Amino acid sequence: MTEIMTSRVGGVALDDVTAWLDRYLKISEFKDWSNNGLQVEGNRTVTRIAASVDTSLRSIEEAIASGADLMVVHHGLFWNKPLMVTGPHRRRIQTALDAGLNIYAAHLPLDAHPEIGNNAMIASALSLQDASPFAGIGQMGELPYEQTLQEFAERVQKLTGEICLVHGGGGGTGVRRLGIVSGSGAEFISQAAALGLDTLLTGEPEHKHFHDAFELGLNVVYAGHYETEVFGVRALAAKLEDQFGLPWQFLHLPTGL
């Protein structure tokens, strides 16, 4: 999947782009185990952007091949603990530095953003009404009309392209009051039930939370960690195009998870 826009001649100063990102995403307001912000510093001028859910050697190489000098990602290279620059970690960093590729990561800020965040984008695509914050980074609200669990799962599958794993803990109840947490949100099953939601849409399951849904009477639809988190980086890249006129490309590298 490739989306490219028209750029301004000469590019934009890296400091201007990162300062805008920090403000727009409110990076400083989040307590996150990701080290959000500019993680790898490369060229001082940005002429082209690549967007990726994950930071891997493949995504770095594809970003470089696309001509990008800035890659915006959801899952970055550094996660709040010291990492030896060895093995795959060294190869990723060295490949980026050798090519002058900047890497900017936004984890929870990109889940929670009210305009272009993963959850806000999913809520909008599903026409969620009276949306309000849920579980810190998610969204909850009501669908325009009640759907069967199968109908809802099929709709989500069309949206994400991922075959959903469906746990019908609601015992045949329809889907109307919905909570959305992109990525890994199974830990919020209890919270969703306590708030009177009938269904939780999230990315990946966790075995330790399997029985909770059935014992609490909650439907859970798992649509894939990766596929529920493609929305934010694409929308962020488009926002950067609007702000700075930079061309961008989305690197679609699904994990199947």
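The values are calculated or read from the model by the stated rules, or taken from the named source; none is laboratory data. As the structure is a prediction and not an experimental result, all values here were calculated from the model. Cβ: placed from backbone, ideal geometry, glycine included. Neighbour counts: every protein chain shown.
General observations
- Residue within region 33-45 that is of a type outside the set (S, T, N, Q), in a helix (DSSP H, G or I) and modelled with pLDDT of 95 or more present: no
- Where strands (runs of 3 or more DSSP E) sit wholly within region 141-257, those with at least 2 residues that are crowded, with 20+ Cβ neighbours inside 10 Å occupy 175-181, 199-202, 219-222, 248-250.
- Selection within region 226-257 - acidic (D, E) and touching a residue at least 60 places away in the same chain (Cβ under 8 Å): E227, E229, E241
- Residue check for P88: surrounded by fewer than 15 Cβ atoms within 10 Å (Cβ to Cβ) and in a strand (DSSP E or B): no
- Residue within region 68-79 that is surrounded by fewer than 22 Cβ atoms within 10 Å (Cβ to Cβ) and farther than 22 Å from L240 by Cα present: yes
- Flag if L83 is more than 20 Å from A238 (Cβ to Cβ) and touching a Ser or Thr at 6+ places or on another chain (Cβ under 6 Å): no
- If the condition is being out of contact with any helix residue (DSSP H, G or I) (no Cβ under 7 Å at 6 or more places or on another chain) and small (G, A, S), then region 194-237 contributes A194, G196, A237.
- Of the residues making up region 145-178, those that are touching a strand residue (DSSP E or B) at 6+ places or on another chain (Cβ under 7 Å) and aliphatic (A, V, I, L, M) are L149, A153, V156, L165, V166, V175, L178.
- Filtering region 58-75 for residues that are of a type in the set (A, V, I, L, M) and more than 18 Å from W248 (Cβ to Cβ) leaves an empty set.
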